[in-house]
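Colleague: My structure is below; once you've seen it, I'll send some questions.
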Amino acid sequence: MKTMILSLQHLLAMYAGAILVPLIVGNGIGLNSEQLTYLVSIDILMCGAATILQVVKNRFFGIGLPVVLGCTFTAVAPMLQIGAQYGISSIYGAIIVSGLFVIIISRFFGKLVRFFPPIVTGSVVTIIGITLIPVAINNMGGGEGASDFGSAANLALAFGTLAFIIIIYRFNKGFIRSIAILLGLLAGTVAAAMMGLVNFEAVHEASYFHMIQPFYFGMPTFDWAAIITMILVAMVSLVESTGVYFALSDITDKKLTQNDLTRGYRAEGIAIVFGGIFNAFPYTAFSQNVGLMQMTGVKSRKVILVMGAMLIMLGFVPKMAALTTIIPTAVLGGAMVAMFGSCTRY
């Protein structure tokens with residue numbers, strides 16, 4: 001029971017980051033409610049599978065640390081641009097190739113990290129955060145093309161959600177602070193439901209169980225510009241993950257070798273390839289879960305493995321994913337401002 005509770009804490013700490021990426025990308029490329037439900041479901045499932053790939057150590061892949069993998073926000077703006085210019089099939093073609101690239105360079109990337117100091121990667125992440133803020137502002141008004149765009153109700157929900165998140169983050173510490181975005185999304189959606197602005201149709205229509213399928217959105221296509229973009233995204237994500245690896249190395253008192261790093265990078269590459277095949281996303285190590293380990297003092301791989309299994313089980317239940325798709329666009333916009341604004345802290 002204790003392991004389950006600790007695992008649930010980690011799940012909640014990473015959940016907002018996991019669901020926001022498919023919600024933002026899915027809405028940005030015009031998916032319908034059924035497609036969006038699938039996208040969230042497969043993303044949740046693949047986050048669990050990617051985490052297990054990293055935690056379970058063998059001679060080929062897995063760093064063997066309590067690492068939590070989730071979708072990287074670094075990929076959001078590039079995926080939206082690729083989707084707008086080449087279509088959704090090009091997004092997944094680029095993701096698959098970038099994953100294969102990571103697998104190929106995994107043996108050498110540890111030696112290349114010194115060429116990506118924090119000032120470089122931090123600048124990249126900050127720029128990405130800034131470029132995404134206009135998308136968030138548009139959503140705060142209700143989303144492009146909404147009949148009630150800029151209405152008082154939408155603005156009240158958006159700014160109310162943003163203020164709620166800021167207050168939680170400012171006046172709380174530890175676990176509550178780590179789930180501020182998730183609590184903000186929940187509070188904003190409850191407020192919107194009380195105003196009659198939440199449509200539960202997607203939840204009613206979603207099934208209780210589904211099977212995942214490769215290439216749900218069609219066969220991938222390959223465009224050089226998209227591929228190069230996603231390879232650069234993957235390299236930035238690897239640098240971010242490297243920082244998490246060494247932080248966890250200190251926490252667990254385990255010295256990392258070059259072979260450990262190689263297996264860790266290779267696990268991320270494999271996860272990215274599977275993400276492309278099953279129409280999910282690129283992955284990186286989540287730092288918020290490192291903070292949770294520091295707070296609780298629990299650094300067991302078993303806890304993270306159980307959390308990964310929980311995510312996989314949730315991924316087979318579309319109704320759970322559909323619950324996230326009912327979040328009003330204005331509420332999502334308020335949470336996006338908080339999330340993307342935090343990128344500028346780097």
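The values are calculated or read from the model by the stated rules, or taken from the named source; none is laboratory data. The structure presented is a predicted model; accordingly, all values stated were derived computationally and were not measured. Cβ sites come from the backbone with ideal geometry, for glycine too, and all protein chains shown count toward neighbours.
Colleague: Residues being modelled with pLDDT of 85 or more and among the small types (Gly, Ala, Ser): count how many of those fall in the range 143-178.
Modeller: So the count comes out to 7.
Colleague: Quick one: which residue in 163, 192, 225 is surrounded by 15 or more Cβ atoms within 10 Å (Cβ to Cβ) and either of a type in the set (Gly, Ala, Ser) or over 24 Å from the mean Cα position of the chain (by Cα) (or both)?
Modeller: Criteria check complete, one pass: 192.
Colleague: Looking at 21, 40, 25, 68 in this structure, which one is in contact with a His (Cβ under 9 Å, 6 or more places away or on another chain) and aliphatic (A, V, I, L, M)?
Modeller: Of the residues listed, the single one that is in contact with a His (Cβ under 9 Å, 6 or more places away or on another chain) and aliphatic (A, V, I, L, M) is 68.
Colleague: Can you tell me which of 64, 30 is without any contact (Cβ under 8 Å) to a residue 12 or more places away in the chain and either part of a loop (DSSP other than H, G, I, E, B) or touching a Ser or Thr at 6+ places or on another chain (Cβ under 7 Å) (or both)?
Modeller: 30
Colleague: Ok, one more. Among the residues of the range 90-104, write down those that are buried (at least 19 other Cβ atoms within 10 Å of the Cβ) and either of a type in the set (A, V, I, L, M) or modelled with pLDDT under 95 (or both).
Modeller: The answer is 91, 94, 95, 96, 97, 102.
Colleague: Show me the helices (runs of 4 or more DSSP H) entirely contained within the range 138-222 in which 1 or more residues are among the β-branched types (Val, Ile, Thr) and in contact with an Asp or Glu (Cβ under 8 Å, 6 or more places away or on another chain).
Modeller: Qualifying helices (runs of 4 or more DSSP H): none found.
Colleague: Just name the residue that is farthest from residue 184 (Cα to Cα) out of those in the range 144-155 that are touching a residue at least 60 places away in the same chain (Cβ under 8 Å) and surrounded by fewer than 19 Cβ atoms within 10 Å (Cβ to Cβ).
Modeller: Ranking the qualifying residues of the range 144-155, first place goes to 146.
Colleague: Go through the range 9-34 and report how many residues are touching a strand residue (DSSP E or B) at 6+ places or on another chain (Cβ under 9 Å) and surrounded by fewer than 19 Cβ atoms within 10 Å (Cβ to Cβ).
Modeller: Total satisfying the criteria: 0.
Colleague: Among helices (runs of 4 or more DSSP H) lying entirely in the range 242-346, which contain 3 or more residues that are buried (at least 19 other Cβ atoms within 10 Å of the Cβ) and touching a Phe, Trp or Tyr at 6+ places or on another chain (Cβ under 6 Å)?
Modeller: 258-277
Colleague: Another question about this same structure. Can you pull out every residue in the range 202-222 that is surrounded by 15 or more Cβ atoms within 10 Å (Cβ to Cβ) and among the small types (Gly, Ala, Ser)?
Modeller: 202, 206 - these are the residues of the range 202-222 that are surrounded by 15 or more Cβ atoms within 10 Å (Cβ to Cβ) and among the small types (Gly, Ala, Ser).
Colleague: Checking residue 6 against (1) aliphatic (A, V, I, L, M); (2) at pLDDT 95 or above; (3) more than 18 Å from the chain's Cα centre (by Cα): exactly one of these is not met. Which one?
Modeller: The failed condition is (2).
Colleague: Looking at (1) out of contact with any Gly (no Cβ under 7 Å at 6 or more places or on another chain); (2) at pLDDT below 90, find the lone condition where residue 245 falls short.
Modeller: Tallying (1) out of contact with any Gly (no Cβ under 7 Å at 6 or more places or on another chain); (2) at pLDDT below 90, residue 245 fails exactly one: (1).
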